[in-house]
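These notes are about the structure you will find just below.
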Amino acid sequence: MTIRLLAGGLAIAAAGVLGYGIYQIIPMGEPLARSEVVGELIGPALASYSRVAIQRYGERQLLTGQLLVTSKDIEGLARAPVLDTQVPALKKRLQMQRLRLAQTGAVTALGQGHDDLALTMLQTGRSTTDTRNLIYGGRGTGVFELLGSISGDTGVTVIGTPEGETLYLVTSTLRQAGDDDQPAAWDTLRSDDLGTTWTYDPDVTLGPPQQHTAFLTQQLAVALEKHETGMRLLHSCDGGRRWAATLLKEQVWPDSAAFERGFAVSAERDRSVYGEEQLGYGWSLYPLDERRAVGWSWRTRVRPQGTEKAEVIETRRFEVQFQEGASPAFRITPDVPPVPVQDTRALLARDQPVFETAGNAIYELDKAAMEWIRRSESPTVRGARSWIAQAWFGPNAWVIKTYADHMFSGNTYTTTYFYSRDEGRTWNPFQLSHDQESGLLGLDQTGDALLSLGERGGKTVIRRYLLD
């Protein structure tokens, strides 16, 4: 009798655990069903895998994405200029770039014993598939005309000066390697009419190694650059043609040499307990006004994989004042509270509000006080703590994409979307379909709805999904 009771109790407990596990993975909220088509791309449809970005300059909107060209796309591409002709030897340099990448991957595959994979990589590297980057433009009417297209495997980036007076289209081909004097330069096109026409600019120096690039004025630009000597602050007073570099570690951490000697002694002493420890530095940079930028750096202790995550030892703030014809002036504030890591995907504008997320928290930068204000945090998902994977902030609503562990997660997480109408005080869950999520552009200008790319009649359309 006792064994039967015990077995029955275990069965009930197992059923309860199973039921709770299933409960945890049931999506929260209702689907966003109310929608309207608010835009259409007059030109080739974008590829479903394409990473699409939309940028706004007043009523002007620019949308960039990719397309793997087939014969049926040729007519549509002919609607706008093919910008490849402006970039010297673009096709040849792209092919060489693909081959170098394929050779590097093949060497790695051979070293791991994957001979067939190595051969496939080499064959792919010699192929002539045409991945094109498309630039569409709209003026608030919902119609997006194709403004131009250019070849390139890794996409393009649009960097704008204040109010979009000048736009720079940074391609995926290297024009000139960097050195100790100047950063690397990628082929770049320039537009002075909000993207209607583009002209190759052989003098401007912009490219992926530069991080958090922002124009404070039409001529003054700032950026961070990872360099073999350490993180450098770059600034240009001539619209990105020539850059001056300042080694940030010397400015922000002048005590670094002495600290690192002490750290090495401590790490050697504690090796038997923690394993190999390393010292790391993180960096961020934000535009403030026409002459100033502010950034943070944090010194961390990094322990071997599988143990504790990086521990922040100290965070420092650096304010930078720029002046033409002179070195930038620094003001360093030590021992400030920890700050969120800067989003590498964000395109910064001088006069726009700045938000960042860290774990489950949302922070806003108070530019006057140069401090981060904790504004909100993500809600729990079926009783489990969530963390923020992506966020969008508009004037009338905030939207966050969250992950949460669940009982039967394995290596997967529960994904839940929430929106807030009161700046994160309360959150409402909702669901997105796979198609809505894969085409997601973010909030519309009002912040009342989400925009997502879709397909209708062989064309790419923009659908607006009301949040309420």
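The values are calculated or read from the model by the stated rules, or taken from the named source; none is laboratory data. It should be emphasised that the depicted structure is a prediction, and the values quoted were computed from it without experimental measurement. Note: ideal-geometry Cβ built from the backbone for every residue, glycine included; neighbour counts use all protein chains shown.
Kindly indicate whether ALA389 is within 26 Å of SER48 (Cα to Cα), surrounded by fewer than 17 Cβ atoms within 10 Å (Cβ to Cβ) and hydrophobic (A, V, I, L, M, F, W, C).
So ALA389 passes the test.
Go through the residues of the stretch 133-147 one by one and say whether even a single one is at pLDDT 90 or above, among the aliphatic types (A, V, I, L, M) and farther than 19 Å from LEU441 by Cβ.
The answer is no; no qualifying residue exists.
For the structure I just gave you, tell me whether ALA185 is in contact (Cβ under 8 Å) with a residue 24 or more places away in the chain and closer than 29 Å to THR131 by Cα.
Criteria not met by ALA185.
Among SER172, SER236, which is the only one that is over 20 Å from ARG93 (Cβ atoms), among the polar types (S, T, N, Q) and crowded, with 17+ Cβ neighbours inside 10 Å?
Exactly one of SER172, SER236 is over 20 Å from ARG93 (Cβ atoms), among the polar types (S, T, N, Q) and crowded, with 17+ Cβ neighbours inside 10 Å, namely SER236.
Any idea which of THR380, THR460, THR402, THR414 is of a type in the set (S, T, N, Q) and either surrounded by fewer than 15 Cβ atoms within 10 Å (Cβ to Cβ) or under 24 Å from PRO287 (Cα atoms) (or both)?
One residue alone meets the criteria, THR380.
For GLN66, are the conditions met, namely being out of contact with any Cys (no Cβ under 7 Å at 6 or more places or on another chain), crowded, with 17+ Cβ neighbours inside 10 Å and at pLDDT 80 or above?
yes
Tally time: how many residues in the stretch 240-265 are of a type in the set (A, V, I, L, M, F, W, C), assigned to a helix (DSSP H, G or I) and without any contact (Cβ under 8 Å) to a residue 60 or more places away in the chain?
Of the residues in that region, 6 qualify.
Could you list, in sequence order, the residues of the stretch 36-60 that are closer than 13 Å to ILE462 by Cα and of a type outside the set (Val, Ile, Thr)?
Listed by number, the residues that qualify are GLU36, GLY39, GLU40, LEU41, ALA45, LEU46, ALA53.
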